[in-house]
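Participant: Before I ask anything, here is the structure I am working with.
All of the numbers you see were taken from the coordinates with simple rules; none came from a lab. The shown structure was predicted, so the numbers you read here are calculated from the model rather than taken from an experiment. Every residue, glycine among them, receives a Cβ derived from its backbone with ideal geometry; neighbour counts consider all protein chains shown.
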Amino acid sequence: MTPSNPLISKVEQTVNSSPVVIFMKGTPQFPQCGFSARACQVLKAAGAQNLVGIDVLSDDPLWDALEQYTQWPTVPQVFIHGKFVGGCDIVSEMFERGELQELITPKQS
């Protein structure tokens, strides 16, 4: 099914454009909230390189489209290899269990 909302299409294209994408308040270099800052720290510690950050504060319609796309009301929202993983608490818990590292950098066989 192709989304009819062009902003939802933009969200879909964005999450598939890079291995690790975070929709957040601010940017990875200058986060605008503690949860966004923590999520970026955890992703980098787990091995995320070239972390793509999308500032939802600068684009309210995109934020609305993101919420429709994921059915998740808060940011940050983390996508790994095109799949929605969750927010700050979820990625932090996954990091503590070692799951996030495996998701970001799959073992080479």
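Participant: Which condition number in (1) in a strand (DSSP E or B); (2) touching a Lys or Arg at 6+ places or on another chain (Cβ under 7 Å) is the one that residue 57 fails?
Facilitator: (1)
Participant: Ok, one more. Every residue in the range 3-26 that is surrounded by fewer than 18 Cβ atoms within 10 Å (Cβ to Cβ) and either farther than 16 Å from residue 52 by Cβ or touching a Cys at 6+ places or on another chain (Cβ under 9 Å) (or both), please.
Facilitator: Listed by number, the residues that qualify are 3, 4, 5, 6, 7, 8, 9.
Each row is one residue, and each column tells you yes or no for (1) of a type in the set (A, V, I, L, M, F, W, C); (2) not in a helix (DSSP H, G or I).
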site: 21; (1), (2): yes, yes
site: 37; (1), (2): yes, no
site: 40; (1), (2): yes, no
site: 44; (1), (2): no, no
site: 50; (1), (2): no, yes
site: 61; (1), (2): no, no
site: 64; (1), (2): no, no
site: 90; (1), (2): yes, no
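Participant: Failed condition for residue 82, given (1) surrounded by 15 or more Cβ atoms within 10 Å (Cβ to Cβ); (2) closer than 15 Å to residue 54 by Cβ, with all others met?
Facilitator: For residue 82, the exception is condition (1).
Participant: Applying the selection to the range 66-80, what residues are part of a loop (DSSP other than H, G, I, E, B) and either within 10 Å of the chain's Cα centre (by Cα) or of a type in the set (Asp, Glu) (or both)?
Facilitator: Across the range 66-80, the qualifying residues are 75, 76.
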